[in-house]
Amino acid sequence: MKHQPIVILGAGCAGLAAGMRLTKRGYPVTLLERADHVGGLAGGVRINSNTYEYGPHTFHTTDPEILNDITTLMGDALVPYNRTIKIKFLDNYFKFPLSMRDVLLKLPLPTVIHAGLSFLWHFSIGTIWRPKVETSETVLRRYYGNVLYELFFKTYITAVWGITPAEFSPAFARERIPRMNILELLDKIRLGAQNRLNRSVKTDGYVEKVEGNLYTTRQGFSLITQRMGEQVIKQGGTIELNATVTRIRRNDNRVHTIEYVQDGTTKRIECRGVINTLPINEAIMMIEPIPEDDVVQAARALKFRALVFVGLLVRKERVLPSSFMYFRQHSFNRISDLAQFGFEIIPAGCTLLVAEISCDVTDRVWNDDDLAKQAVLDDLIEEKLLTREEVIEMHVFRAQHAYPIYTLHYEQHLARLLRFFDQLANGETAGRQGRFAYINTHIAMKMGYEAAERLMQKLEKS
Ligand SMILES: Cc1cc2nc3c(=O)[nH]c(=O)nc-3n(C[C@H](O)[C@H](O)[C@H](O)COP(=O)(O)OP(=O)(O)OC[C@H]3O[C@@H](n4cnc5c(N)ncnc54)[C@H](O)[C@@H]3O)c2cc1C
């Protein structure tokens, strides 16, 4: 049995990190990845001469172990990047996270006064009283006051996610939406005084903040995941690409075989252990015999939001006034200008734009490339950011599991699924999809390491 591999399902950041840790400790490891390349959401898509990214992705962390591992792996290839974000709103550009200065200078005076009073009211009330049922709406009102919440967040969140902030768990606002910059600053001073900056980060309930320096490479984040894959192989692991996992077979609480389809053929691997990084609800549905009813019900309750990406190669050195821009009245909610990330773009003098259209897989835009391209092009022309003639190529690519949707009470369903994996004698689950967590790459990697450590402990016991 010891010669059987540990099978890792998925070769995104979490799966690759788990593979790096296990192979370093001498375990035989096989990664099964559905795509024809590693990296998952961080792996980008190679089209003609360029790599279009989902996002794009930048690397940042204050966790010393992850930072050390990635900087060692990448050496000089890692280049610093200066992120600039603008929100187009009321015909004005606002910086994000919202700054007090922008709010004061760019909103009409009566709105500023109203917003200021509302912020002070909600902020003060929030220090002494909390509602019985917290939602993202109650949290955002506390962070920003009702006026700014209604102006900047309510309609935007509803458009992007398809549900209102009142239908979100408070965890969504707490973990993902930065507070007004002055409040963040106070937080940093407090953490600094407690000497809690630059300590090893915890993955449970991690609150995502862009801290530490930002990095990318001239080929984008995909070069980082490519090197992680090479490291797994160098340390003796195997990566099977174009390998779609379909079944996870078990006897009671022990997984013994993974089934997958590669080149139209169903294949099986007997395994000593398994680390899942696939969407946790989908992995549960692959388990045979099928888990108990309440586990299946919990799996059905978790939902993901999808993204359709439209990538454009544009004959212009740069198109946007910042590296990212957010819009509220267009087909896409966010767009990025890859030349501003220092990417090498072919031909020279051009840039790549990536527009993100959030949707459900039942929406027409999910399956209709022409609709997506036309809508994005029309909106960019309307914004006077480019002309039709400047566009050399347009491509559509997709991410079905872009965002876990933290609906109200999702925590209970997720806890049930995590308990199921905890009870497996030789199984673990990790990563953004595997733990249904709205986290960035560094936390997905850390989760991969942690799952590898927990699995090694389980295997030693059995
Ligand atoms: C638009 C966007 C922008 C982002 N920007 C940043 C950023 O700037 N910085 C940052 O740090 N993070 C960013 N993130 C978050 C980051 O992408 C994720 O945290 C990280 O990539 C998650 O890695 P993972 O391995 O957990 O999941 P994934 O990357 O989703 O990996 C899961 C893997 O499983 C594979 N898979 C799925 N089903 C099967 C199957 N049945 N059989 C075999 N394989 C399968 C998938 O192909 C995939 O490779 C962004 C995310 C999005 C959506």
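The values are calculated or read from the model by the stated rules, or taken from the named source; none is laboratory data. Fair warning: this is a prediction, and the values are worked out from it, not measured in the lab. A quick note on method: Cβ atoms are made from the backbone with ideal geometry, for glycine too, and the neighbour counts reach across all protein chains shown.
Considering each residue of segment 114-136 in turn, at least one proves to be surrounded by fewer than 16 Cβ atoms within 10 Å (Cβ to Cβ) and among the aromatic types (Phe, Trp, Tyr). Does residue 26 count as within 10 Å of the ligand (Cβ to nearest atom) and modelled with pLDDT of 95 or more? Taking the combined requirement at face value, the residue does not satisfy it.
Summed over segment 365-416, residues that are touching an Asp or Glu at 6+ places or on another chain (Cβ under 8 Å) and away from the ligand (no atom under 16 Å from the Cβ) total 3. The one condition from (1) surrounded by 15 or more Cβ atoms within 10 Å (Cβ to Cβ); (2) within 23 Å of the chain's Cα centre (by Cα); (3) among the charged types (D, E, K, R) that residue 272 does not meet is (2). A search for C-beta distances below 7 Å between a residue of segment 33-46 that is on the phi < 0 side of the Ramachandran plot and charged (D, E, K, R) and any residue that is near the ligand (Cβ under 6 Å from one of its atoms) and part of a loop (DSSP other than H, G, I, E, B), counting only pairs 6+ apart in sequence or on different chains, returns 33/10; 33/11.
Selection of first residues in segment 280-296 that are in the same structural domain as residue 256 (by TED's automatic domain parsing) and away from the ligand (no atom under 16 Å from the Cβ) and of second residues that are part of a loop (DSSP other than H, G, I, E, B) and at pLDDT 95 or above, restricted to Cβ pairs under 7 Å at least 6 apart or on distinct chains, gives the following pairs, ordered by first then second residue: 296/290. All of 78, 98, 73, 67 fail the test of being more than 29 Å from residue 358 (Cβ to Cβ) and either of a type in the set (S, T, N, Q) or away from the ligand (no atom under 14 Å from the Cβ) (or both), apart from 73. The single condition from (1) surrounded by 17 or more Cβ atoms within 10 Å (Cβ to Cβ); (2) part of a helix (DSSP H, G or I) that residue 458 fails is (1).
Before we move on, is residue 278 under 20 Å from residue 401 (Cα atoms) and assigned to a loop (DSSP other than H, G, I, E, B)? Yes.
Part of a loop (DSSP other than H, G, I, E, B), over 20 Å from residue 173 (Cα atoms) and either assigned by TED's automatic domain parsing to the domain that holds residue 27 or not aromatic (Phe, Trp, Tyr) (or both): does that describe residue 446? Answer is no for this residue.
Just one residue in the set 389, 317, 393 is surrounded by fewer than 21 Cβ atoms within 10 Å (Cβ to Cβ), outside the structural domain of residue 156 (by TED's automatic domain parsing), of a type in the set (Asp, Glu) and part of a helix (DSSP H, G or I); that residue is 389. Quick one: in segment 421-431, which of the residues that are touching a strand residue (DSSP E or B) at 6+ places or on another chain (Cβ under 7 Å) and in a helix (DSSP H, G or I) is nearest to the ligand (Cβ to nearest atom)? Restricting to residues being touching a strand residue (DSSP E or B) at 6+ places or on another chain (Cβ under 7 Å) and in a helix (DSSP H, G or I), the top hit is 431. If the condition is being surrounded by 24 or more Cβ atoms within 10 Å (Cβ to Cβ) and near the ligand (Cβ under 6 Å from one of its atoms), then segment 30-50 contributes 32, 33, 40, 42.
For the condition within 14 Å of the ligand (Cβ to nearest atom) and surrounded by fewer than 18 Cβ atoms within 10 Å (Cβ to Cβ), residue 58 does not qualify.
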